[in-house]
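Peer 1: Once you've had a glance at the structure underneath, I'll fire off some questions.
Bear in mind these aren't lab numbers, they're just calculated from the coordinates by the rules spelled out. Just so we're clear, the structure is a prediction, and the values are computed from it rather than from any experiment. All Cβ positions, even for glycine, are placed from backbone atoms using ideal geometry, and neighbour counts span all protein chains on display.
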Amino acid sequence: MDKSRCIPVVVIKEIEQTKPILSALQNYGINCAEITFRTACARDAIALAVKEFPDMNVGAGTVINAEQCLQALEAGAKFIVSPGLSEEVAKICIERNIPYYPGCVTPTEIMQAIALGLRVLKFFPANVYGGLKAIKALSGPFPQIKFIPTGGVNMDNIDEFMACDKIYAVGGSFFVDEALKNA
């Protein structure tokens, strides 16, 4: 497993969890964290993570609108991930030169992302939408696209995903579990 291509999906429910989880990820050899915008302390967790782990690639996940995107960027997020494609989020990220990885699983969504200038897309939930087989099929008409499969990827199948040249990185919450197990 190439840990430089791992994007842990991190849910911080209480701000005190930030340092132990990010420390465990770093000790496990992963220097990236996608802190989800699903909790009340997400913005503060991102700000703390950016401050305490300045060399870590800390981004915001589950960003579904412009307001959340702006909050995440103000907190210092270095990249933005969405479960679906948001044109308003894409425009903010493009204007600020921030990587944006929207969830796109259909040809129509991929074409919309291409029209916005995006070339790396989250494929979520990967297990529901056909996994690696679907990614390979979509790569035919969209050879310029790289994917970040999330949802259904785990330690049993990660090497198969990472072996595909259309995979930019692999995302998942299972990285946090593995890091904490090995802490």
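Peer 1: What translational diffusion coefficient, to the nearest whole µm²/s, does segment 32-79 have by Stokes-Einstein, given a Kirkwood radius computed over alpha-carbon pairs, a temperature of 20 °C and 1.002 mPa s viscosity?
Peer 2: 211 µm²/s
Peer 1: Could you grab the relative contact order for segment 25-183? Cα pairs under 8 Å, six or more apart, rounded to a whole percent.
Peer 2: 16 percent
Peer 1: Still on this model: Segment 38-126: percent of C-alpha pairs farther apart than 17 Å?
Peer 2: Value for segment 38-126: 44 percent of Cα pairs lie more than 17 Å apart.
Peer 1: If you don't mind, there's one more thing I want to ask. Hey, what do the phi angles of segment 84-92 turn into as Karplus ³J(HN,Hα) couplings, whole Hz, using 6.51/-1.76/1.60 and θ = phi - 60°, x for Gly and Pro?
Peer 2: Running phi through 6.51 cos²θ - 1.76 cosθ + 1.60 with θ = phi - 60° gives x, 8, 10, 4, 5, 5, 4, 5, 4 Hz.
Peer 1: Mind checking which of Val105, Val128, Val170 has the largest fluctuation in a GNM of the chain, springs on alpha carbons under 10 Å?
Peer 2: Val128
Peer 1: Lys and Arg at +1, Asp and Glu at -1: add these up for the other residues within a Cβ distance under 13 Å of Leu116 and post the number.
Peer 2: -2
Peer 1: Here's another thing I want to ask about it. What ³J(HN,Hα) values, in whole Hz, does the Karplus curve 6.51 cos²θ - 1.76 cosθ + 1.60 give for segment 105-110 when θ = phi - 60°, with x put for Gly and Pro?
Peer 2: Once θ is set to phi - 60°, the couplings for segment 105-110 become 10, 10, x, 4, 4, 5 Hz.
Peer 1: Could you order the peptides 59-70, 136-147 from most to least packed, using the average number of other C-beta atoms within 10 Å per residue?
Peer 2: In decreasing order of mean packing, 59-70, 136-147 become 59-70, 136-147.
Peer 1: Determine by what factor the alpha-carbon radius of gyration of segment 1-59 differs from 2.2 N^0.38 Å, reporting the quotient.
Peer 2: Output field value: 1.02.
Peer 1: Summing +1 for each Lys or Arg and -1 for each Asp or Glu, what net charge is found among the other residues whose Cβ lies under 12 Å from the Cβ of Ser173?
Peer 2: Value of the local net charge: -2.
Peer 1: Rounded to the nearest 0.05, what FRET efficiency do Asp55 and Met1 have when you use their Cβ-Cβ distance and R0 = 30 Å?
Peer 2: With a Förster radius of 30 Å, E is 0.90.
Peer 1: Turning to a different aspect of this structure: Which number do you get for Rg(Cα) / (2.2 N^0.38 Å) in the chain?
Peer 2: Here the Cα radius of gyration is 0.97 times the empirical estimate.
Peer 1: In nanometres, what is the gap between the two model label sites at Lys133 and Asn97, each 7 Å from Cα along Cα-to-Cβ?
Peer 2: Calculated label separation equals 4.3 nm.
Peer 1: In nm, what is the difference between 0.36 nm times the number of residues separating Ser23 and Glu74 and their Cα-Cα distance?
Peer 2: Taking Ser23 through Glu74 to full extension adds about 16.1 nm, to one decimal.
Peer 1: Among 151-163, 30-42, what's the highest-first ranking by average C-beta atoms within 10 angstrom per residue?
Peer 2: Descending mean neighbour count gives 30-42, 151-163.
Peer 1: Of Lys122/Lys181; Lys91/Lys146; Lys3/Lys91; Lys13/Lys51; Lys13/Lys181; Lys78/Lys146, which sit over 23 Å apart, Cα to Cα?
Peer 2: Result: Lys122/Lys181; Lys3/Lys91 exceed 23 Å.
Peer 1: A follow-up question, please. Along segment 172-180, what does the Karplus equation 6.51 cos²θ - 1.76 cosθ + 1.60 (θ = phi - 60°) give for ³J(HN,Hα), rounded to whole Hz, x for Gly and Pro?
Peer 2: After applying 6.51 cos²θ - 1.76 cosθ + 1.60, I find x, 6, 4, 5, 5, 4, 5, 5, 5 Hz.
Peer 1: Of all alpha-carbon pairs in segment 77-141, indicate the percentage at a distance above 19 angstrom.
Peer 2: 28 percent
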